[in-house]
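The values are calculated or read from the model by the stated rules, or taken from the named source; none is laboratory data. In this text the structure is predicted, and so the values were computed from the model without any measurement. No Cβ is skipped: glycine too gets one built from the backbone with ideal geometry, and neighbour counts run over all protein chains shown. Ligands, DNA and RNA are stripped out before the accessible areas are found, and what is left, the full protein with its side chains, is counted by its heavy atoms. Shrake-Rupley method; radii C 1.70, N 1.55, O 1.52, S 1.80 Å.
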Amino acid sequence: MCGRYASTQSDSDLRAVFDIAETIGEELPPAYNVAPTQTVRTILERAPKDEPEADAVRQLRSVRWGLIPSWSKDIKIGSRLINARSETITEKPAFKKAAARRRCIVPADGYYEWEKREGKKVPYFLHSEQLLEMAGLYELWRDPSKSEEDPDRWVWSVTVLTAPAADALGHIHDRSPVIVPESLRAEWLDPAMTDLGSVQEMLAAIPEPSLVPYEVSSAVNSVKNDNPDLLQPVG
């Protein structure tokens, strides 16, 4: 699974990497211990708000981590839907519609995982030489407690897709985020590609990521800790 990650790229960095056409939401500061329910940056493609019939444009947008299905009665469900199993997103009611039309990428420097060792959970940071493009799904949820005039009545949220971990990483945890390669980025983000069978074929075509894990300080266990020292290897 993916329950914590680091994201230190500036908006300028992300616009350059992903060829962003529209930026929505204020820039977020570097985060070394991103946790569920926090606001995160995502990349998605969507028609402009005032031109629903226009071609989709690539956006850099702030959303809440923890997907809230449109049919949910309250926001609390999001804390249980921070991840989605890639094998079943085209079947599960919480993810099926988003899998067809609302796919996105969650950029990360790397993510944390905990290995069970001698009765303890030891944290690791898993990363690559390149920015990780974690596959995600986003959703829009109408907050019934807010009025029609409230600009915050729509809550945007995201979940990170996971898959069985590769052998080299399986000893740390049996699941890992789905990492979209640059060659499949445009196809993954394309909202015009709505066939669920094609979505599963695309997921099957994504190769296992080549990630490097190293042990880090147990300070990462607390979401209150958020500083560059968390990324330093120990031992």
#### Entry: Eligible lysines near Lys76 by straight Cα distance, threshold 19 Å, same-chain separation 8 or greater
Lys92, Lys146
### Task
Could you please put Leu231, Leu132 in sequence from largest to smallest accessible area, using a 1.4 Å probe?
Leu231, Leu132
#### Entry: Value at 222 nm in deg cm²/dmol, rounded to 500, when DSSP H runs of n ≥ 4 in the chain each add -39,500 (n - 2.57)
-4000 deg cm²/dmol
### Task
Counting only DSSP beta bridges with both residues in the chain, tell me the antiparallel percent, nearest 5.
85 percent
### Query
What FRET efficiency, computed as 1/(1 + (r/R0)^6) with R0 = 22 Å and r the Cβ-Cβ distance, is obtained for Ala16 and Asp190, rounded to the nearest 0.05?
0.60
### Task
With volume of the Cα convex hull per residue in Å³ defined as stated, name the option among (1) 221; (2) 136; (3) 107 computed from the structure displayed.
(2)
### Message
Run the simple label-point estimate for Ala205 and Ser183 please: 7 Å along Cα→C-beta, distance reported in nm.
### Response
1.0 nm
### Message
Tell me the carbon and sulfur percent of the accessible area for region 1-139, rounded to whole percent, probe radius 1.4 Å.
### Response
45 percent
### Virtual spin-label span in nm between Glu215 and Lys120, 7 Å along Cα→Cβ
0.8 nm
### Message
Testing the spin-label approximation: label points 7 Å from Cα along Cα→Cβ at Arg85 and Lys146. State their distance in nm.
### Response
3.3 nm
### Task
Rank-order 143-152, 45-54, 174-183 by packing density, defined as the average count of other C-beta atoms within 10 Å over each peptide's residues, highest first.
174-183, 45-54, 143-152
### Task
Subtract the Cα-Cα distance of Lys97 and Ala166 from 0.36 nm times their separation in residues, and report this length gain in nm to one decimal.
22.0 nm
### Euclidean distance of C-alpha centroids, region 7-56 and region 137-206, integer Å
14 Å
### Task
With a 1.4 Å probe and every protein chain left in place, work out the accessible area per residue of the chain in Å², rounded to a whole number.
51 Å²
### Message
I need the phi-derived Karplus couplings for region 93-107: 6.51 cos²θ - 1.76 cosθ + 1.60, θ = phi - 60°, integer Hz, Gly and Pro marked x.
### Response
x, 5, 10, 4, 5, 5, 4, 7, 9, 10, 8, 8, 10, 9, x
### Query
So what J values fall out for region 45-50 if you push phi through Karplus, 6.51 cos²θ - 1.76 cosθ + 1.60 with θ = phi - 60°, rounded to Hz, Gly and Pro as x?
10, 7, 5, x, 3, 8
### Query
For region 168-228, what % of the accessible area comes from carbon and sulfur atoms, probe 1.4 Å?
51 percent
#### Entry: Dipole magnitude of region 113-212, debye to nearest 20 (Cβ charges: Lys/Arg +1, Asp/Glu -1, about Cα centre)
500 debye
### Query
In sequence order, what are the phi-derived ³J(HN,Hα) couplings for region 25-35 according to the Karplus relation 6.51 cos²θ - 1.76 cosθ + 1.60 with θ = phi - 60°, rounded to whole Hz, with x for glycine and proline?
x, 5, 5, 9, x, x, 10, 9, 8, 5, 10
